[in-house]
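Remarks on the structure that follows.
The values are calculated or read from the model by the stated rules, or taken from the named source; none is laboratory data. All of these numbers come straight from a predicted model, not from anything done at the bench. So basically every Cβ, Gly included, is an ideal-geometry build from the backbone, and we count neighbours across all protein chains shown.
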Amino acid sequence: MLNNTQVIYLSIFLMSEFMSSLKAGSDHHLEIDTISEDKNSSLYSVFENIHTGIAIVDIEGKCLKVNSRLCEMLDYSEPELLETGFKKLIFPEEPEISPTFLDIISREHSGIYGKEICCLQKKRKTIWVNISTSTAIDHEKRPLYFVFQIEDMTRQKEVEFSLGNSEKKFELIFENAGDGMAINEPGGKFLKVNRITCEKLGYSREELLQKTATELVSSESADLFVEQARDLYRKGHAVVQIMAACKDGSTVPVELGMKLIEYEGKPALLSIVRDITERIKAEDETKIRNAAMDSALNPMVICSLEGCLTYTNPAFQKTWGYSA
């Protein structure tokens with residue numbers, strides 16, 4: 001079985017052979033009739049076995065002949081296509097084939113005129129096609145008719161649209177996330193940063209894109225960061241609490257979640273940076289409160305809303321004889 005590359009090269013070869021056969025004929029009507037009548041001819045074989053759809057259109061725009069691949073692509077029978085006419089297959093929002101369009105191709109003679117457009121199948125389903133047009137000419141280089149080579153691009157377009165939508169969604173999430181987000185090269189150089197990262201660290205986007213991740217780690221967290229970076233490359237992900245260095249020389253406690261990813265076809269590192277200043281503050285306040293309660297001389301307890309004891313201080317335990 002041929003792979004995609006081989007199919008493309010075969011199609012190009014067959015199209016070249018097909019055009020050569022048409023141009024070689026002294027009577028172009030005879031050559032076109034041969035396609036229909038002599039199924040053993042090399043011209044018929046090329047016409048029916050080429051990978052793309054083919055339509056032969058005269059200089060007035062009338063469709064003279066179509067191959068089975070085009071019928072299959074558009075879900076019409078050959079008589080239906082010839083009766084419908086090539087013009088009406090063009091998607092209504094696109095300009096139809098006009099004398100002006102044909103004049104452009106005529107002036108190009110043997111050159112190729114290409115365009116991507118939408119077409120309608122018989123059941124009104126829209127498909128994307130790439131139309132390449134060549135001109136068959138006589139010995140005096142006058143245009144005889146046009147050969148339209150039609151390639152179904154629907155699947156490729158669907159993939160492009162899907163990727164485009166995914167990229168838009170990623171950009172929307174990345175830029176509007178409540179936490180800082182960044183993408184780095186394996187060596188640490190920033191490739192992409194979001195708005196929150198810039199605001200928290202006090203740098204402009206352009207300034208951060210000139211730096212590496214290690215430049216934004218405070219000296220007190222440098223060793224811990226390097227250790228976790230090694231763990232990252234062993235496991236593919238890591239989470240660490242460090243002190244990030246801001247542009248103004250201050251530091252901010254952050255929880256750094258890192259994961260190895262592929263970005264634009266290359267290995268990269270995705271980081272989510274969460275400011276945990278308020279969390280640290282709440283934890284410190286809890287520690288101070290607990291220390292004060294532990295050292296209090298009077299019995300003290302904390303109960304849940306359900307009435308269950310969640311904390312008893314040493315004075316309570318000593319007075320009532322309960323252990324913690």
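Just one of (1) closer than 18 Å to Thr214 by Cβ; (2) among the acidic types (Asp, Glu); (3) exposed (fewer than 13 other Cβ atoms within 10 Å of the Cβ) fails for Glu262. It is (1). Inside the stretch 297-315, can you point out the residues that are out of contact with any Ser or Thr (no Cβ under 7 Å at 6 or more places or on another chain) and either modelled with pLDDT of 80 or more or exposed (fewer than 11 other Cβ atoms within 10 Å of the Cβ) (or both)? Leu297, Asn298, Met300, Leu305, Glu306, Gly307, Cys308, Thr312, Asn313, Pro314, Ala315, listed by residue number.
Number of residues in the stretch 120-151 that are of a type in the set (Asp, Glu) and either at positive phi or in contact with a Gly (Cβ under 8 Å, 6 or more places away or on another chain) (or both): the value is 1. Residues in the stretch 255-302 that are closer than 26 Å to Ser323 by Cβ and in contact with a Leu (Cβ under 9 Å, 6 or more places away or on another chain): 2 in all. Figure legend. Inter-residue proximity from the stretch 119-132: first residues over 17 Å from Arg155 (Cβ atoms) and outside the structural domain of Val57 (by TED's automatic domain parsing), second residues assigned to a strand (DSSP E or B) and at pLDDT 80 or above, beta-carbon distance below 9 Å, spacing 6+ or different chains. No pairs are indicated. Sub-6 Å Cβ pairs linking a first residue in the stretch 256-267 that is outside the structural domain of Val240 (by TED's automatic domain parsing) to a second residue that is surrounded by 15 or more Cβ atoms within 10 Å (Cβ to Cβ), at least 6 apart or interchain, number zero. Only residues that are crowded, with 21+ Cβ neighbours inside 10 Å, in a helix (DSSP H, G or I) and of a type in the set (S, T, N, Q) were counted across the stretch 45-80, and they come to 0. Looking only at the stretch 263-306, residues that are out of contact with any helix residue (DSSP H, G or I) (no Cβ under 8 Å at 6 or more places or on another chain) and within 19 Å of Asn194 (Cβ to Cβ) come to 8 in all.
Rundown of residues vs (1) at pLDDT below 80; (2) under 30 Å from Lys200 (Cβ atoms), yes/no style:
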{"residue": "Ile280", "(1), (2)": "no, yes"}
{"residue": "Asp284", "(1), (2)": "yes, yes"}
{"residue": "Arg289", "(1), (2)": "yes, yes"}
{"residue": "Ala292", "(1), (2)": "yes, no"}
{"residue": "Ser295", "(1), (2)": "no, no"}
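Is there a residue in the stretch 204-213 that is surrounded by 12 or more Cβ atoms within 10 Å (Cβ to Cβ), in contact with a Gly (Cβ under 8 Å, 6 or more places away or on another chain), modelled with pLDDT under 95 and not polar (S, T, N, Q)? Yes: the stretch 204-213 contains one or more residues that are surrounded by 12 or more Cβ atoms within 10 Å (Cβ to Cβ), in contact with a Gly (Cβ under 8 Å, 6 or more places away or on another chain), modelled with pLDDT under 95 and not polar (S, T, N, Q).
In summary, helices (runs of 4 or more DSSP H) completely within the stretch 216-324 and bearing 1 or more residues that are over 52 Å from the mean Cα position of the chain (by Cα) occur at 277-295, 314-320. In the stretch 215-235, of all residues being modelled with pLDDT of 90 or more and loosely packed, with under 14 Cβ neighbours inside 10 Å, the one that is nearest to Ile261 (Cα to Cα) corresponds to Glu215. Within the stretch 197-217, being over 24 Å from Arg230 (Cα atoms) and without any contact (Cβ under 8 Å) to a residue 24 or more places away in the chain holds for Cys198, Glu199, Ser204, Arg205, Glu206.
Can you pull out the residues in the stretch 97-138 that are among the aromatic types (Phe, Trp, Tyr) and at pLDDT below 55? The answer is Phe101, and nothing else.
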